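What follows is a single structure, written as structure tokens, with notes after it.
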Amino acid sequence: RLPSLAAPAPRPARVTPSAAAARTFFVGGNWKSNGSTAAFADLIAALNAHPPLDGAAVEAAVAPPFPYLASTREKLRKDIAVASQNVYPRAPGAWTGETNAEMLKDVGCTYAVVGHSERRHIPELKESDEFVAEKAKFALDSGLGAIFCIGELLDEREAGKTVEVCVRQMAALAKVISPAEWDNVVVAYEPVWAIGTGKVASPEQAQEVHKDVREWLPPGGGP
């Protein structure tokens, strides 16, 4: 399952009908550090007004900012999951400013987003591949699904390193989880160079990366 968090992923052109029928598509919305109680009430009402997803072979999730997780889960229809935008990979304790997996489950989260490009690349954060993988592993061990973000910078794409970067990010996760645990991982590919730059990644570019990552995944493990 390899869509972008930003929008529904188009169905892969290279997948056979039988393979496409077996794959569950995942649509996620990351609300980042935006919104307010009033704004989210309107957004949740709009989501609740859509037809049910039952039988649609698609999963949907939203990732509100931390202060709105509980209220979103309370008001949002149950066939749309709620995800946190981050998780701290430690048990409850003296971690001022951090939020652990038990708290996220307590307020109704199903997933935790880890490794978003902003957390990988904002200078004040600069989360490493290993730390992102540690977060994902901790989320999985705690009973959450992990939305594991990958993607390349513009200079990496222009240097022909897109697959190398994405595989490096994935390899860090593969080192710490078992093949069976991939069933609870959503890999979200988002080209970093297309975020807020005016440049647009085509569906064909995204699907080519999806194909390469699927081919890289070890036999018996992964989506």
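Roughly speaking, what is the stretch gain from residue 130 to residue 200, that is 0.36 nm per residue apart minus the C-alpha to C-alpha distance, in nm to one decimal? List each step's numbers first, then the result.
Values: separation 70, 0.36 × 70 = 25.20 nm, distance 2.88 nm.
Stretched fully, the residue 130-residue 200 segment lengthens by 22.3 nm.
Compute the semi-axes of the equivalent ellipsoid of the range 23-129, taking the square root of 5 times each eigenvalue of the Cα gyration tensor, and list them largest first in whole Å. Kindly include the intermediate steps, with their values, before the conclusion.
Details: eigenvalues 126, 51, 41 Å².
Equivalent ellipsoid semi-axes, largest first: 25, 16, 14 Å.
Residues of the chain: accessible area per residue at 1.4 Å, in Å²?
On the way: 11120 Å² over 223 residues.
Ligands and nucleic acids excluded, the figure is 50 Å² per residue.
Between residue 154 and residue 32, what length in nm is gained on full extension when 0.36 nm per residue of separation is reduced by their alpha carbon distance? Walk me through the intermediate numbers first.
Numbers: separation 122, 0.36 × 122 = 43.92 nm, distance 2.16 nm.
So the extension gain works out to 41.8 nm.
For the chain, what ratio Rg/Rh do Cα atoms give with a Kirkwood hydrodynamic radius? Show your work: numbers first, answer last.
Values: Rg = 17.0 Å, Rh = 18.0 Å.
Result for the chain is an Rg/Rh of 0.94.
Over the Cα atoms of the range 136-223, compute the convex hull volume and normalise it per residue, giving Å³. Each step should come with its number before you reach the end.
Values: hull volume 8.4 nm³, N = 88.
About 95 Å³ per residue, rounded to a whole number.
Expected output is a single nm value to one decimal: the length gained when fully extending between residue 175 and residue 105, i.e. 0.36 nm times separation in residues minus the C-alpha distance. What is it? All intermediate terms of the calculation are to be shown ahead of the outcome.
Numbers: separation 70, 0.36 × 70 = 25.20 nm, distance 2.53 nm.
So the chain would gain 22.7 nm between residue 175 and residue 105.
Run the accessible area of the chain with a 1.4 Å probe and give the carbon-and-sulfur part as a rounded percent. Numbers along the way, then the final one.
Working: 6320 of 11120 Å².
Carbon and sulfur together cover 57 percent of it.
In the range 16-111, which trypsin sites (Lys or Arg not before Pro) fall in coil by DSSP and have 11 or fewer other Cβ atoms within 10 Å? Can you show the working numbers first?
Working: sites: 23, 32, 73, 75, 77, 78, 90, 105; in loops: 23, 32, 77, 78, 90.
Of the trypsin sites (Lys or Arg not before Pro), the ones in loops of the range 16-111 whose Cβ has at most 11 other Cβ atoms within 10 Å are 78.
Can you pull the Rg over Rh of the range 159-208, Cα-only, Kirkwood?
Working: Rg = 13.3 Å, Rh = 12.8 Å.
Result: Rg/Rh = 1.04.
If you take the beta carbon distance between residue 47 and residue 70 as r and set R0 to 22 Å, what does 1/(1 + (r/R0)^6) give as a FRET efficiency, to the nearest 0.05? If you can, show how the numbers build up before the last one.
Values: r = 17 Å, r/R0 = 0.76.
Between residue 47 and residue 70 the formula returns 0.85.
For the pairs 137/161; 75/211; 78/137; 135/211; 32/105; 78/126, flag any whose C-alpha to C-alpha distance is greater than 31 Å.
Details: 137/161 26 Å; 75/211 37 Å; 78/137 25 Å; 135/211 25 Å; 32/105 19 Å; 78/126 34 Å.
Table pairs above 31 Å Cα-Cα are 75/211; 78/126.
Given the -39500 (n - 2.57) contribution per DSSP H run of 4+ residues, what per-residue ellipticity at 222 nm results for the chain, rounded to the nearest 500 deg cm²/dmol?
Only helices count here, giving -10500 deg cm²/dmol.
Using DSSP to define loop residues, name the trypsin sites (Lys or Arg not before Pro) in the range 119-149 whose beta-carbon has at most 10 other beta-carbon atoms within 10 Å.
Details: sites: 119, 120, 126, 135, 137; in loops: 126.
Here the trypsin sites (Lys or Arg not before Pro) that fit, given the DSSP loop and packing criteria, are 126.
Using a simple spin-label model with points 7 Å from Cα along the Cα→Cβ vector, what separation in nm is obtained for residue 94 and residue 56?
Computed distance between label sites residue 94 and residue 56 equals 4.8 nm.
The values are calculated or read from the model by the stated rules, or taken from the named source; none is laboratory data. The shown structure was predicted, so the numbers you read here are calculated from the model rather than taken from an experiment. When we count neighbours, we look across all protein chains shown, and the Cβ atoms used for this are built from the backbone with ideal geometry, even at glycine. Please note that ligands, DNA and RNA were not included when accessible areas were found on the heavy atoms of the full protein model with its side chains. Shrake-Rupley method; radii C 1.70, N 1.55, O 1.52, S 1.80 Å.
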